[in-house]
Amino acid sequence: MPTDTPSPEKLVGIYKSWMLKIEDALKREKTYRKLGNHCVEIYEAKHPERVPFNILYSNTEVLAPSVYNARPIPIVTRRFKDADPVGKAAAEVSTRLLKFLIEAESEDCDSYDELTSAAVLDTLVTNRGLTRFKYEDGGDYSEAVYGESVRWDKMFHGYARTWKKVPWLGFEWDMTKEEMQKNFPEVSAKIDFSKIADPQDDNEERTPESKEQLTGVKLAKVFEIWDKSSRKVMFFSQAYKEGPLKVVDDPLELANFFPISKPLNFMRKITTLIPTPLYEQYKSQAAELNELTRRLKAMIRALKVRGFYNSTVEGIEKVLESEDNTLVPVENPSMPDGTGVDKMIWIMPVDMLANTAMALNQQREQVKRVIYELTGISDILRGASVASETATAQQIKNQWGSLRLKKLQKEVQRFCRDNLRIMLEIAVTKFDVETIAQMTGLPFLTEEVKQKITQAQQMVMQSAQQSGNEPEPLPDAVQKALQMPTWEEILGLLKNDKLRGYKVDIETNSTIDAEASQDKQDIAELLNALSQFLNGIAPLMEKGVMPFDIAKSMLLTISRRFTFGTELE
């Protein structure tokens, strides 16, 4: 046995130690998962008779497109807007690489837009959105970074007050016998599937769908643990108590180790990282809304034309059953002279029921307004513009009418930015140079190619000098490539955690369609700035007052301040 292989007793001790940590983490999440399952049931209308007015579904469908409805465009720029060829090249490589990755489609994996939309939906319903990233190497330069959605109740973590202090996190998997044999071939033969139990989840607390899905299926619950201190990934299952199912050394080599960014969360808590669904903030108002809706329906059902009529007058029942504008003849009228039909019919009064129904409807609208104030939907209603408003008035509404919504939008943008950083870090760490060059289409050279070209040019020059001829110059494209940084310099910067954070800054543009016109505005501002600069500087350059190099430096400084200025630079 190798010296670094733990003894059987130590493996059992590792198993027991981690299972206690996992049980404690699941206990901390028990209340949240119960509330989250309740919100999912309401959103998916599993019990419509209990929730006649599904305000949670309505609010979610209004807020979802308000906080995210457009795939972000990655923007990688130099942290400091100075002359830095390597930093500029690294930013350009990163931007193109991320654009390729988020636009890539796969039959087996969801797109970046689908992953983000799923995370936003989970957050609006349960207040936790997760996206996990992984590296796949298919060979022959078919490397890729893919993301996968993690269900809100399939992640847990060690105790911490802030996300950066989380010591470890785990994922839950329900695996069949075939999946266990495929993923853990070394120990799958020792697992007795006939005795598999799941003490972590009480069968009475499972959702109806879970019971249906598990009918006749034997599943083993597997816990995947990412331990930041040891930078190892371990797999545990109560079906195998002799130690970890498998231990893997740091698979992604990320600076923050975890394969996910900070979970998407729309309500920051002070005391704990365990989230609370947004629905809990207006749960009592939603219950009142459902009760008012039930009473209003009962009042409407009671609003019927009912009454009595004098049976001595023949034909009255035919009048009540006839169509509009119909006269019914009476053969033997026994109605006293001067007595109208209104004296022969007595209608049950419905005025009180109608007034009660109107009061219930008004109260229901009032409760809805309270809920809208709590959720921020009232900001959307106040921010809605009309045709008669001026452009200035609409701009003010856009800035202040949706102030609370901007907080949610910024959280989504933060989530997208952190995910892009993970994707870029995986790509520059795992991808081959050839793969990155093909994805970006940039003409940078490797050190080896650059040296070969330089040596070949030196040999040509020596040969020309010996023969007394002028050496043929290199093509302009090759000369330009020789002046650029090499792939080794660029990737060296991107692979260095400290230099990457110091040299380049990764952001996203707006994830909201309503602000898509910002790109056109940026272009217009850049062109306007360049036009004003050239009109003011050109006469000074013609007179020799302003040196060309100074004017060029000023023009570069201006262009670097704009998103679209890198190409001009």
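The values are calculated or read from the model by the stated rules, or taken from the named source; none is laboratory data. Just so you know, these numbers come straight off a predicted model, no measurement behind them. In this analysis, Cβ positions are derived from the backbone assuming ideal geometry, glycine residues included, and neighbour counts consider all displayed protein chains. Side chains are part of the model used for accessible areas, which takes the heavy atoms of the whole protein and leaves out ligands, DNA and RNA. Shrake-Rupley method; radii C 1.70, N 1.55, O 1.52, S 1.80 Å.
Here are some notes:
- Of all residues making up the stretch 461-487, the number that are surrounded by 11 or more Cβ atoms within 10 Å (Cβ to Cβ) and more than 30 Å from K88 (Cα to Cα): 6
- The lone exception for V330 - which of (1) farther than 28 Å from E61 by Cα; (2) at pLDDT 75 or above; (3) touching a helix residue (DSSP H, G or I) at 6+ places or on another chain (Cβ under 9 Å) it fails: (2)
- Taken across the stretch 381-402, residues that are at pLDDT 75 or above and either of a type in the set (G, A, S) or touching a strand residue (DSSP E or B) at 6+ places or on another chain (Cβ under 6 Å) (or both) do not occur at all.
- Taken as a whole, the structure places I22 among residues that are open to solvent by less than 50 Å² (accessible area, probe 1.4 Å) and modelled with pLDDT of 95 or more.
- Check on W152, touching a His at 6+ places or on another chain (Cβ under 8 Å), buried (at least 19 other Cβ atoms within 10 Å of the Cβ) and either hydroxyl-bearing (S, T, Y) or in contact (Cβ under 8 Å) with a residue 24 or more places away in the chain (or both): no
- Taking the stretch 473-535 and the helices (runs of 4 or more DSSP H) fully enclosed by it, the elements with 2 or more residues that are in contact with a helix residue (DSSP H, G or I) (Cβ under 8 Å, 6 or more places away or on another chain), modelled with pLDDT of 75 or more and of a type outside the set (G, A, S) are at 476-483, 487-495.
- Residues located in the stretch 228-254, provided they are crowded, with 19+ Cβ neighbours inside 10 Å, outside any loop (DSSP other than H, G, I, E, B) and either of a type outside the set (S, T, N, Q) or at pLDDT 95 or above (or both): V233, M234, F235, F236, Y240
- When the criteria are applied in full, N59 fails the requirement of being outside any helix (DSSP H, G or I), closer than 24 Å to R404 by Cα and under 23 Å from the mean Cα position of the chain (by Cα).
- Subset of the stretch 255-309 [surrounded by fewer than 13 Cβ atoms within 10 Å (Cβ to Cβ), among the basic types (K, R) and closer than 19 Å to K407 by Cα]: R268, K269
- The stretch 43-62, subset in contact (Cβ under 8 Å) with a residue 40 or more places away in the chain and aromatic (F, W, Y), residue farthest from Q285 (Cα to Cα): Y43
- Taken over the stretch 431-460, the residue count meeting the criterion of being over 24 Å from E472 (Cβ atoms) and either small (G, A, S) or open to solvent by 50 Å² or more (accessible area, probe 1.4 Å) (or both) is 6.
- Test: I73 is in contact (Cβ under 8 Å) with a residue 12 or more places away in the chain, touching a Pro at 6+ places or on another chain (Cβ under 9 Å) and under 30 Å from L445 (Cα atoms): no
- When the stretch 31-79 is limited to residues that are among the charged types (D, E, K, R) and under 23 Å from K368 (Cβ atoms), the one that is most open to solvent (accessible area, probe 1.4 Å) turns out to be R50.
- Residue in the stretch 61-70 that is under 20 Å from D153 (Cα atoms) and of a type in the set (D, E, K, R) present: no
- Residue among K452, K495 that is of a type in the set (K, R) and in contact (Cβ under 8 Å) with a residue 12 or more places away in the chain: K495
- Screening E23 with (1) under 21 Å from the mean Cα position of the chain (by Cα); (2) among the acidic types (D, E); (3) in a helix (DSSP H, G or I) gives one miss only, at (1).
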